[in-house]
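To keep things clear, I will list the structure first and then write my remarks on it.
Every read-out reported here was derived from the displayed coordinates using simple, explicitly stated rules and does not represent laboratory data. Note that the structure is a prediction, hence the values are computed from the model and not measured. Cβ atoms come from the backbone with ideal geometry, glycine included; neighbour counts cover every protein chain shown.
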Amino acid sequence: MNIPLINISSLYSDNTTEQMEVAKAIDTACRESGFFYIQGHPISQARIREMRALSEAFFALPEAEKVAIDITLSNNHRGYGRMMAEQLDPEHPGDIKETFDMALNLPTDHPLIGPDRPLYGPNQYPQSLTDFQQKMERHYWDMLELGKTILSALAMALGLEKRFFDDKFAHPLSVLRFIHYPEVAPQAGKQHIGAGAHTDYGCITILWQDEIGGLQVQDTRGEWIDAPPIEDSFVINIGNMMARWSNDRYKSTAHRVFSPSGEERYSMPFFVEPDFDTDVSCLDNCCSADTPPKYEPISAGDWMIYCFNNTYAYRDEETA
């Protein structure tokens, strides 16, 4: 499997020919492997260093302060995820990692919040870290703009209007996540799996990973291929929602975090998800008389709720 490195700087230019070249390269990667790296993006290395330091500071907080904003205390899946709270691969025990999730921060009286849209609501933030909320929310919106730029390339490749996806992110379900994988020594000669094999739920994922590495992608033969960190790059992958939306033109590929060294590791995925009520029925240019839509219509929010309920034990208890 080839995971290409694509420079997307032309997407920020006025040169439509160069924009289409980038769009075609991304389209090919999404059809063949569902994974690619990007460079030439506007997220600075200084910003990444700042966010990594913020992540390290958060996970170094006393356990009592972290569990005070535990994700189980949130009605809309925000806050701290304890070690092994998430089980991405149902065939293996909970993942050896801890997390922090934040998203669109809405006040409790916002009209979008209610039983019909349970993923909207306020974030939970630690109280002792200065500027934590301000830094997280600034980075959230910058990453969302990067995600919309990548989606504009997919729109061009699909023969849609370049900004086709833009109006579907007025109140996005997108999530910015911090992940900390602790140091775990191999046991009985076996390395641990930090995140079990899985496909992502949503549209696309934009991943920053630290220098330790550990991300692996499954190829068509079922073998695991390393996706090592590349300086000043993000790893992009297609999620299940975009696979549905594109009628499986684009591949949502299984991946995992496998630590050959057992060293401590940090990563920051940004999950690009549209508004709750967005219709993710098959795109017009992805079906025909010969290739009819494969999936029933569903909203982005209902799809995400279905996925969450199959991944988190605490949500199983809520819905039982």
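Which net charge results for the neighbourhood of S233, defined as the other residues with beta-carbon distances under 13 angstrom from its beta-carbon, given Lys and Arg at +1 and Asp and Glu at -1?
Taking every Cβ under 13 Å from that of S233, the sum is -4.
May I ask for the equivalent-ellipsoid semi-axes of region 240-284, computed as the square root of five times each C-alpha gyration tensor eigenvalue and listed largest first in whole Å?
Ellipsoid half-lengths, sorted descending, are 31, 14, 5 Å.
Taking H placed 1.01 Å from N in the peptide plane, check which residues at least 5 places from I225 or on another chain put their amide H under 5 Å from its amide H.
V217, Q218, D219
Rounded to the nearest 20 Debye, what is the dipole magnitude of the chain about its Cα centre when Lys and Arg each give +1 and Asp and Glu each give -1 at the C-beta?
For the chain, the charge dipole is close to 220 debye.
Could you list which residues have their amide H under 5 Å from that of Y201, counting only those 5 or more apart in sequence or on another chain, with H placed in the peptide plane?
N240
Under the Karplus relation 6.51 cos²θ - 1.76 cosθ + 1.60, θ = phi - 60°, what is the ordered set of whole-Hz ³J(HN,Hα) values for region 12-22, x standing for Gly and Pro?
9, 9, 9, 8, 5, 5, 5, 4, 5, 4, 5
Projecting each Cα onto the charge dipole of region 5-319 (Lys/Arg +1, Asp/Glu -1 at the beta carbon, about the Cα centre), which of L106, I212, F178 comes out farthest on the positive side?
It is I212.
Return the FRET efficiency for the residue pair K162, N7: r is the Cβ-Cβ distance, R0 is 22 Å, and the value is rounded to the nearest 0.05.
0.75
What length, rounded to one decimal in nm, is gained on full extension from N105 through to R221, with 0.36 nm per residue of separation minus their alpha-carbon distance?
My answer for the length gained is 37.6 nm.
In whole Hz and in residue order, list the ³J(HN,Hα) couplings for region 24-36 that follow from phi through the Karplus curve 6.51 cos²θ - 1.76 cosθ + 1.60, θ = phi - 60°; x for Gly and Pro.
5, 5, 5, 4, 4, 4, 5, 7, 8, 10, x, 9, 7
Quick check on my link table: of K66/K135; K168/K251; K24/K135; K168/K294; K97/K168; K97/K148, which ones sit more than 25 Å apart, alpha carbon to alpha carbon?
Result: K24/K135; K97/K168; K97/K148 exceed 25 Å.
Answer with one residue from G202, A254, L5: the one whose Cα lies farthest towards the positive end of the charge dipole of region 5-319, charges on Cβ with Lys, Arg +1 and Asp, Glu -1.
Checking the options against the dipole of region 5-319, the answer is L5.
Step through the residues of region 250-256 one at a time and calculate ³J(HN,Hα) from phi using the Karplus curve (6.51 cos²θ - 1.76 cosθ + 1.60, θ = phi - 60°), rounding each to whole Hz and writing x for Gly and Pro.
For region 250-256, the Karplus curve yields 9, 9, 9, 9, 5, 8, 8 Hz.
Applying 1/(1 + (r/R0)^6) with R0 = 25 Å to the Cβ-Cβ distance of T28 and R138, what FRET efficiency is obtained, to the nearest 0.05?
Efficiency at R0 = 25 Å is approximately 0.15.
Run the numbers for L129 and S44: contour at 0.36 nm per residue of separation, minus the present Cα-Cα distance, in nm.
Length difference between fully extended and current span is 28.4 nm.
What's the percent breakdown of Cα-Cα distances in region 5-319 across 20 Å bins, shortest bin first?
32, 61, 7
Tally Lys and Arg at +1 and Asp and Glu at -1 over the other residues with C-beta under 15 Å from the C-beta of S299: what net charge comes out?
Charge balance near S299 sits at -4.
Top mean-square fluctuation among A46, A68, A57, Gaussian network model of the chain, C-alpha springs under 10 Å?
Of the options given, A46 has the highest mean-square fluctuation.
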